[in-house]
Amino acid sequence: MADQVPLHFVTLLGSLRRASLNAAVAKALPALAPEGVSIDALGSIGAFPLYDADVQEQGFPAPVLLMAEQIRAADGVIIVTPEYNYSVPGVLKNAIDWLSRVTPQPLAGKPVAIQTASPGAIGGARAQYHLRQSLVFLDAMVLNRPEAMIGQAGQKIDAEAQELTDGATRDFLARQLVALAALARKLKA
């Protein structure tokens with residue numbers, strides 16, 4: 001049956017900070033995955049140089065090609081990112097710009113869930129909306145609901161221990177992963 005097909009998701013982290021709230025969220029996801037779903041982290045987008053068409057002309061950097069292949073091989077992607085200045089962090093936008101140039105396009109037709117965590121009240125909503133614009137251009141299949149925006153994340157995440165401590169948030173993220181799995185299986189059918 002389609003709902004029994006094992007799935008493999010990867011997480012793309014939009015933060016480089018050691019004690020990142022979002023890194024703690026991404027780290028918690030494998031334990032929250034539904035039965036039959038495995039989740040692994042992609043490498044750091046900090047390894048990507050700043051996008052430059054002149055660099056691309058000389059050949060794609062190895063970290064870009066590796067991540068593109070890992071995304072292509074995955075059944076879905078979970079982007080976990082902070083919000084910077086009402087938008088997407090520059091390092092994440094840079095990674096998307098690099099990945100957008102790779103052919104075949106690794107995110108085209110790929111189920112994608114977005115998760116944001118922020119100390120602020122609205123949990124990174126503006127970053128999600130800007131990120132969705134880029135993903136539409138790349139023809140990614142972005143999960144619409146449930147949206148995962150973790151507001152006042154400092155009260156729900158122990159950043160130093162890299163642990164998601166709030167039970168209700170863990171339960172909510174688990175429900176989003178179930179929805180992503182359902183979308184991925186629907187697209188595979």
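Which chymotrypsin sites (Phe, Trp or Tyr not before Pro) in segment 29-101 pass both tests, a DSSP loop state and at most 11 other beta-carbon atoms within 10 Å?
On the way: sites: Tyr51, Tyr84, Tyr86, Trp98; in loops: Tyr51, Tyr86.
Sites meeting the loop and neighbour criteria: Tyr86.
What's the longest bit of the chain with no exposed trypsin sites (Lys or Arg not before Pro), using DSSP loop states and at most 15 other Cβ atoms within 10 Å as the test? If you can, show how the numbers build up before the last one.
Values: sites that count: Arg17, Arg18.
It works out to 19-189.
Output the pairs from Lys110/Lys156; Lys156/Lys186; Lys93/Lys188; Lys27/Lys156 with a Cα-Cα distance over 23 Å in this structure; if there are none, say none.
Working: Lys110/Lys156 30 Å; Lys156/Lys186 32 Å; Lys93/Lys188 28 Å; Lys27/Lys156 14 Å.
Among Lys110/Lys156; Lys156/Lys186; Lys93/Lys188; Lys27/Lys156, the Cα-Cα distance tops 23 Å for Lys110/Lys156; Lys156/Lys186; Lys93/Lys188.
Please report Rg over Rh for segment 1-87, where both radii come from the alpha carbon positions and Rh follows the Kirkwood definition. Don't skip to the end; give the middle numbers.
Values: Rg = 15.2 Å, Rh = 14.7 Å.
Ratio value, two decimals: 1.04.
If the chain between Ala174 and Val136 were fully stretched, how many nm would it gain, using 0.36 nm times the residue separation less the Cα-Cα distance? List each step's numbers first, then the result.
Values: separation 38, 0.36 × 38 = 13.68 nm, distance 2.46 nm.
Extending this stretch completely gives an extra 11.2 nm.
Sequence-distant or interchain residues sharing an amide H contact under 5 Å with Val37, placed H: which?
Leu7
Tell me the Kirkwood hydrodynamic radius of segment 44-84 in angstroms, computed as one over the mean inverse distance between distinct C-alpha pairs. The partial results should precede the final answer.
On the way: mean 1/r = 0.0838 Å⁻¹.
For segment 44-84, the Kirkwood estimate is 11.9 Å.
Tell me, what is the per residue accessible area of the chain in Å², probe radius 1.4 Å?
On the way: 9150 Å² over 189 residues.
Ligands and nucleic acids excluded, the figure is 48 Å² per residue.
On a full-extension model of 0.36 nm per residue, what is the gain between Leu66 and Ser38, subtracting their alpha-carbon distance, rounded to one decimal in nm?
Values: separation 28, 0.36 × 28 = 10.08 nm, distance 1.92 nm.
Gain on extension, Leu66 to Ser38, equals 8.2 nm.
Kindly work out what percent of the DSSP beta bridges joining two residues of segment 7-188 are antiparallel, to the nearest 5.
Numbers: 3 of 23 bridges.
About 15 percent, rounded to the nearest 5.
Which of these, Gln70, Gln155, Gln105, has the largest mean-square fluctuation under a Gaussian network model of the chain (Cα springs below 10 Å)?
Gln155
Which GluC sites (Glu not before Pro) does segment 110-189 hold that lie in a coil by DSSP with at most 12 other beta carbons within 10 Å? Don't skip to the end; give the middle numbers.
Working: sites: Glu147, Glu160, Glu163; in loops: Glu147, Glu160.
Loop-located and lightly packed - Glu160.
How large is ³J(HN,Hα) for each residue in segment 106-116, as worked out from phi by the Karplus curve 6.51 cos²θ - 1.76 cosθ + 1.60 (θ = phi - 60°), to whole Hz, x for Gly and Pro?
Once θ is set to phi - 60°, the couplings for segment 106-116 become x, 8, 5, x, 8, x, 9, 10, 10, 10, 10 Hz.
Through the Karplus equation 6.51 cos²θ - 1.76 cosθ + 1.60, θ set to phi - 60°, convert the phi angles of segment 19-34 into ³J(HN,Hα) values in whole Hz; use x for Gly and Pro.
9, 5, 4, 5, 5, 5, 4, 4, 5, 6, 4, x, 6, 9, 5, x
How high is the relative contact order of the chain? Use alpha-carbon pairs under 8 Å, at least six apart in sequence, and give a whole percent.
Details: 356 pairs, mean separation 51.1, N = 189.
RCO, the chain: 27 percent.
Provide, as a two-decimal number, the C-alpha radius of gyration of the chain over 2.2 N^0.38 Å, N being how many residues it has.
The chain yields a ratio of 0.98.
The values are calculated or read from the model by the stated rules, or taken from the named source; none is laboratory data. Here the structure is a predicted model, which means the values were calculated and not measured. Glycine also receives a Cβ, built like all others from the backbone with ideal geometry; neighbour counts cover every protein chain displayed. Just the protein is used for accessible areas: all its heavy atoms, side chains included, with ligands, DNA and RNA removed. Shrake-Rupley method; radii C 1.70, N 1.55, O 1.52, S 1.80 Å.
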